[in-house]
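Below is one structure; the comments refer to it alone.
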């Protein structure tokens, strides 16, 4: 689709968002070494008005990355350290009785909790009990909190970034599927390569403090989020996203054999929505005026990996949700309803190209 098919204001907005993406990544590169894919997924989720769960071992600068992102966007940042004794009111806020010394009148006053910020870092979210984890659910979905029957809207934009340690599981409370589904992306933060790790050592052991400059205001981000919603998507692209999701369900008609064998539960309808929204946001970040199947494939892993529940057969053979997504992407034909090859026969093979 050519830019001329869009409204002139939308064309300029797409250009602004592409310029903002380059400016933000340039600012983040002053502090964060590497992690380009993680940064891209964070920005795609933010401009699609979604939330992101970052999974990675300690020491990979997850917290620093989130704080730097908030600084580069001129947004209010709040960090919540999740612990076993954290209560829901510690997140949402609480009411207390305040007396007016002049009149002697007592009244309830609401003190806002740390969730009232633009960027909320939920650090080690799986270290707190489900009761407190659930305190974020309404905020993430409705962009509001309810205390004592009264609703308090959150400031826009509102973006929850949660971190989780995939190794140490002692004393943790796994997130229930209902809450995992609220996260648009499950982003895996991997180790840096050798050159990047050397650069990290040089930067962090020198007497130099890198700073970032704000590039976008909250109002500008909200406007750009609206632009993302107006990006056109061809029907065959939307159907491609739909087939990826529907074929992840073992009881669905036409589900491939490897899904029936290794998957207990597939992705729900929210996955289809997030695939399309993520594709729209990614297309605009790259300066394109339409979403394509390549954008769907680019966001397939972070959208689907936490929505596909594998079974004991998969665990016994070392097959992860990412492996299932790999096969689904290879299995579904992007140009039509047909499906390619009988990849299920070679699913156990170390090399997908082997027979």
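The values are calculated or read from the model by the stated rules, or taken from the named source; none is laboratory data. Just so we're clear, the structure is a prediction, and the values are computed from it rather than from any experiment. Cβ: placed from backbone, ideal geometry, glycine included. Neighbour counts: every protein chain shown.
Return the residues of region 187-242 that are outside any loop (DSSP other than H, G, I, E, B), within 30 Å of residue 58 (Cβ to Cβ) and touching a strand residue (DSSP E or B) at 6+ places or on another chain (Cβ under 6 Å); say none if nothing qualifies.
Once the filter is applied, which keeps residues that are outside any loop (DSSP other than H, G, I, E, B), within 30 Å of residue 58 (Cβ to Cβ) and touching a strand residue (DSSP E or B) at 6+ places or on another chain (Cβ under 6 Å), region 187-242 yields 187, 188.
Among the helices (runs of 4 or more DSSP H) lying completely within region 284-355, list those that include at least 2 residues that are surrounded by 15 or more Cβ atoms within 10 Å (Cβ to Cβ) and modelled with pLDDT of 90 or more.
Hits in region 284-355: 293-304, 321-331.
Go through (1) crowded, with 20+ Cβ neighbours inside 10 Å; (2) more than 23 Å from residue 301 (Cα to Cα); (3) modelled with pLDDT of 85 or more one by one and return the number of the condition residue 79 breaks.
Tallying (1) crowded, with 20+ Cβ neighbours inside 10 Å; (2) more than 23 Å from residue 301 (Cα to Cα); (3) modelled with pLDDT of 85 or more, residue 79 fails exactly one: (1).
Which of the residues spanning region 165-186 are modelled with pLDDT under 85, on the phi < 0 side of the Ramachandran plot and either loosely packed, with under 11 Cβ neighbours inside 10 Å or touching a strand residue (DSSP E or B) at 6+ places or on another chain (Cβ under 6 Å) (or both)?
Within region 165-186, 166, 167, 169, 170, 178 meet the criteria.
Taking region 117-150, which residues are in contact with a strand residue (DSSP E or B) (Cβ under 7 Å, 6 or more places away or on another chain), part of a strand (DSSP E or B) and modelled with pLDDT under 85?
If the condition is that a residue be in contact with a strand residue (DSSP E or B) (Cβ under 7 Å, 6 or more places away or on another chain), part of a strand (DSSP E or B) and modelled with pLDDT under 85, then 147 is the only one that fits.
Can you tell me which of 114, 174 is touching a residue at least 12 places away in the same chain (Cβ under 8 Å), in a loop (DSSP other than H, G, I, E, B) and farther than 21 Å from residue 218 by Cβ?
Only one candidate passes the filter, namely 174.
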